[in-house]
Amino acid sequence: MKSYIYICNNFTGNKVHSEVILKLSRKYSNINHYIFVPCSNRGLIGRNNISKNNIIVEYFYVNKYMKFFPIIKSLIIIFMIISKIKFYKIDMKESKALSYTFWSDGVLCLYLYFIFGTVFSTFVRTTDVSIFFKYGYHLRLFFRLIASKSKYIYFPSLVLMKNGEKTLFLEKNSNKFKFIPNPINDYWVDNIYYFDNLSINNKKILFVGSFDLNKNIMAVFNSCSALYNLRGDFQLEFIGGSVTDFKKICQINSIPDWVSVLDKIPKEELLLKYRSSNILLVPSFLETFGMVYIEAISQGCIAICSKNQGIDGLFSNENILYTVDPCDCISISEALNNLLDKDIKISDFELKKLLLPFISENVINDYSSFYCEDS
């Protein structure tokens, strides 16, 4: 039977991928959709599943130490995938495959192409550019083959696509490049909230994300501390981790009274946090997309991301998104100081127009060039 195959090693940690596949399964309801998930942590197996008749999720466990032998690891996984292909009697010549990363998932699609002739497309993500493209010299033959044999090469950000144009084994295939952003969950679109920055009486700066070094939490804390010493009229809130982890990363023994720390919270609570905040500040060192920026903007909260990362360059309206150097705490403090007092008003109608490219229905339609002959 003809099917659509998705190979996604980050399926357990990213709800965006499952939401996209679910919507694709509804659009192409006469097709079976198989999600193959390589996984190096047994505890994550089965963590993310989709309950729908035409979607099948299969996890494949591979020891985490196999990451030091990437080619051998890929061969082990492809044999596991082939066993499931035979079990489900999938007609791979008529099927199509989509990989969610260029190397880890893309090489598996490349094998399917050579073994069965399966047409495939692939995404390029930050990990591909910053790690595999940069250090994987022994993998470059595979990179060239993935680029040359794929039907399309997708980029979830304009920054990544620009970087792709400078990469030797990608530039010759730039005619295949397509920008497809991550879609915002319908919940945020259905509850779009207007911008009125100065109407927030109790000024607040917000951080939302995992508490790790890449998210640059210390720079957020230090930048805001310097600013608080100057004006002292705002609160700073961190959402996404424990107090213990926060203290460890920021190298502090106690948390100031103008700073609060919360673990992960439901989206209904997060919505209210965005609406009551002036600025979302997440100056990550590396960011493929960064859905929190779009979520915050949808709720009338100014977003700040790092230059040449995440959603940089995706908005023409300069009032809703600002970029900073993640290593320059002084410039971050200056940006915050200016934005806290900036008069920004945008109606919910105007805001919805700005967010149209990220609405799930429009993003799903962006895949039509790959799937159109089956629609």
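No lab work stands behind these numbers, since they all come straight from the coordinates. Because the structure is predicted, anything quoted here is derived from the model rather than measured. FYI the Cβ positions are ideal-geometry reconstructions off the backbone, even for glycines, and counts take in every protein chain you see.
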Expected sort for 285-293, 359-367 on mean C-beta neighbours within 10 Å, highest first, is 285-293, 359-367
Of SER150, SER242, SER99, SER316, how do they rank once you tally other Cβ atoms within 10 Å and put the fewest first?
SER316, SER242, SER150, SER99
Count the DSSP beta bridges whose two residues both fall in region 186-358, then state the antiparallel fraction as a percent rounded to the nearest 5.
10
Around ILE344, with a cut-off of 13 angstrom between Cβ atoms, what is the net charge of the other residues, counting Lys and Arg +1 and Asp and Glu -1?
-3
Restricting to the chain, compute how many DSSP beta bridges are antiparallel as a %, nearest 5.
5
Any aspartates and glutamates whose Cα falls less than 17 Å from that of LYS264, other than same-chain ones fewer than 8 residues away, would be ASP212, GLU237, ASP245, GLU295
Give the lysines whose C-alpha is closer than 16 Å to that of LYS64, dropping any in the same chain fewer than 8 places away, or say none.
LYS73
Let me know the Rg and Dmax you get for region 1-137 when you use only its Cα atoms, in Å.
14.3, 42
If you line up the long axis of helix 140-149 against the longest principal axis of the chain, both from Cα atoms, how many degrees apart are they, to the nearest 10?
80
Would you mind ranking SER121, SER254 so that the residue whose beta carbon has the fewest other beta carbons within 10 Å leads the list?
SER254, SER121
Alpha-carbon spread of region 186-358, three principal axes, descending order, Å
45, 30, 30
I need the semi-axes of the equivalent ellipsoid of region 78-182: take the C-alpha gyration tensor, multiply each eigenvalue by 5, square-root it, list largest first in whole angstrom.
25, 14, 12
Which listed pairs, of LYS84/LYS151; LYS149/LYS172; LYS96/LYS151; LYS23/LYS215; LYS84/LYS178; LYS96/LYS149, have C-alpha distances above 20 Å, in listed order:
LYS84/LYS151; LYS23/LYS215; LYS84/LYS178
Give the order of ASP263, ASP245 when sorted by the count of other beta carbons within 10 angstrom, beginning with the fewest.
ASP263, ASP245
Total formal charge among the other residues, if their Cβ is under 12 angstrom from that of GLU171, Lys/Arg +1 and Asp/Glu -1
+4
Extending each Cα 7 Å along its Cβ direction at PHE69 and VAL243, get the distance between those two points in nm, one decimal.
4.7
For the chain, what does the helix formula give at 222 nm: sum of -39500 (n - 2.57) over DSSP H segments with n ≥ 4, over the residue count, nearest 500 deg cm²/dmol?
-10500 deg cm²/dmol
